[in-house]
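Structure first, commentary second.
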There are 2 protein chains.
Amino acid sequence: MFELDLRSRKPIYEQLVDRLKQLIINNVLEKDEKLPSVRVLAQQLSINPNTIQKAYRELEIQGYIYSVKGKGSFVNHIMMADSSAEIKKVKEQLKKNISEALFLGVSVEELEKLITETEVDRSVTRGDEDDSSSERG
Amino acid sequence: MFELDLRSRKPIYEQLVDRLKQLIINNVLEKDEKLPSVRVLAQQLSINPNTIQKAYRELEIQGYIYSVKGKGSFVNHIMMADSSAEIKKVKEQLKKNISEALFLGVSVEELEKLITETEVDRSVTRGDEDDSSSERG
DNA sequence: TAACTGTATTAATATATTTAGTACAGTTAT
DNA sequence: ATAACTGTACTAAATATATTAATACAGTTA
């Protein structure tokens with residue numbers, strides 16, 4: 001399904017969370033799509049099922065997936081509801097990154113281009129079927 | 001000098017690096033300003049000097065400060081030179097944050113406003129004495 | 001019932017972080 | 001030269017965090 005860096009200083013479960021988030025955000029994993037079970041994915045990645053569960057649990061807390069005992073874990077594309085706390089976090093992180101980028105000499109134009117590029121990438125992978133979140137106005 | 005969250009899962013030295021970076025980026029700490037010595041800051045924050053040194057060393061590697069044996073550690077505002085690796089890192093992190101923000105429903109307009117706001121903050125705290133990195137052309 | 005699924009718990013292990021203590025070398029002022 | 005500061009290096013111990021392992025329980029599906 002994807003690659004992990006077992007030698008990284010970044011914990012495996014965090015890598016999993018980040019990776020799965022990106023797949024969900026970019027619609028590679030579609031709404032209600034079933035994720036591999038904790039045991040199957042653990043075997044595929046040659047790591048312990050508990051580590052997978054820790055990642056899935058975190059993703060569920062953050063609202064990216066939902067899990068049903070006996071059935072499995074599924075992608076949650078509803079979102080947009082009570083994500084205010086998450087939005088605040090992301091915005092704070094963005095501010096830090098932006099000021100650091102500016103400090104390192106990245107121009108405002110380049111930063112704006114980054115936004116446009118990211119937006120385009122999303123439109124392409126999502127087939128542009130829902131553009132409400134990227135309206136300008 | 002600042003606050004730390006000793007209960008955070010984020011290592012103390014990483015908090016220190018982030019915090020000092022922000023102070024340097026936003027020019028709260030000015031060029032060639034002397035930072036507290038590892039021992040003094042350690043006592044102020046009630047943590048071990050080795051932890052301070054680890055943070056200072058990381059900041060020196062990243063080019064934010066420079067240290068002179070016997071004299072102290074000082075803010076480095078020259079930068080802009082060989083920061084290509086750092087720029088690449090920040091850009092990748094920015095992409096992730098932007099796509100997550102878009103996914104959570106933050107509009108492109110809002111993201112662009114974040115850039116403008118951050119730019120303004122920097123101009124104000126820096127007295128606008130050097131605007132070369134924020135030209136739009 | 002058998003074979004899946006998520007979830008929980010405990011213990012052991014591995015890794016990372018922090019502390020503690022000591023030491024050495026360069027700077028500054030006396 | 002001495003005293004008091006500075007950064008830096010090193011080892012060992014203690015603490016915190018992450019990961020594995022093994023087991024168990026409950027819900028789902030065929």
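The values are calculated or read from the model by the stated rules, or taken from the named source; none is laboratory data. Worth saying up front: this structure is predicted, and the values here are computed from it rather than measured. Cβ coordinates were reconstructed from backbone atoms using ideal geometry, including for glycine residues, and neighbour counts include every protein chain displayed.
Would you say B:Ser37 is farther than 22 Å from A:Leu111 by Cα, within 13 Å of DNA strand D (Cβ to nearest atom), among the polar types (S, T, N, Q) and in contact with a strand residue (DSSP E or B) (Cβ under 7 Å, 6 or more places away or on another chain)? Yes, satisfied.
Tell me which residues, restricted to segment B:48-63, are at pLDDT 95 or above and more than 13 Å from DNA strand C (Cβ to nearest atom). Please lay out each step first, then the result.
From segment B:48-63, those at pLDDT 95 or above are B:48-60; that's our starting set.
B:Leu59, B:Glu60, listed by residue number.
When segment A:92-119 is limited to residues that are more than 14 Å from B:Glu110 (Cβ to Cβ) and of a type in the set (D, E, K, R), the one that is farthest from the other protein chains (Cβ to nearest Cβ) turns out to be A:Lys113. Restricting the first member to segment A:26-49 and to residues that are assigned by TED's automatic domain parsing to the domain that holds A:Ile65, and the second to residues that are within 11 Å of DNA strand C (Cβ to nearest atom) and basic (Lys, Arg), the beta-carbon pairs closer than 6 Å and six or more apart or on different chains are A:Pro49/A:Arg39. Keeping to segment B:70-90, report how many residues are facing another protein chain (nearest Cβ under 7 Å) and either within 16 Å of DNA strand C (Cβ to nearest atom) or part of a helix (DSSP H, G or I) (or both). Count: 3. Listed conditions (1) under 21 Å from B:Val90 (Cα atoms); (2) away from every other protein chain (no Cβ under 14 Å); (3) in contact with a Phe, Trp or Tyr (Cβ under 7 Å, 6 or more places away or on another chain) are all met by A:Ser67, apart from (1).
From the list B:Glu3, B:Glu14, B:Glu30, the lone residue that is under 22 Å from A:Pro11 (Cβ atoms), more than 10 Å from DNA strand D (Cβ to nearest atom) and surrounded by fewer than 15 Cβ atoms within 10 Å (Cβ to Cβ) is B:Glu14.
Consider A:Leu59 carefully, then state whether it is among the aliphatic types (A, V, I, L, M) and more than 12 Å from DNA strand D (Cβ to nearest atom). Full working, then the answer.
Numbers: among the aliphatic types (A, V, I, L, M): yes; more than 12 Å from DNA strand D (Cβ to nearest atom): yes.
It is true that A:Leu59 is among the aliphatic types (A, V, I, L, M) and more than 12 Å from DNA strand D (Cβ to nearest atom).
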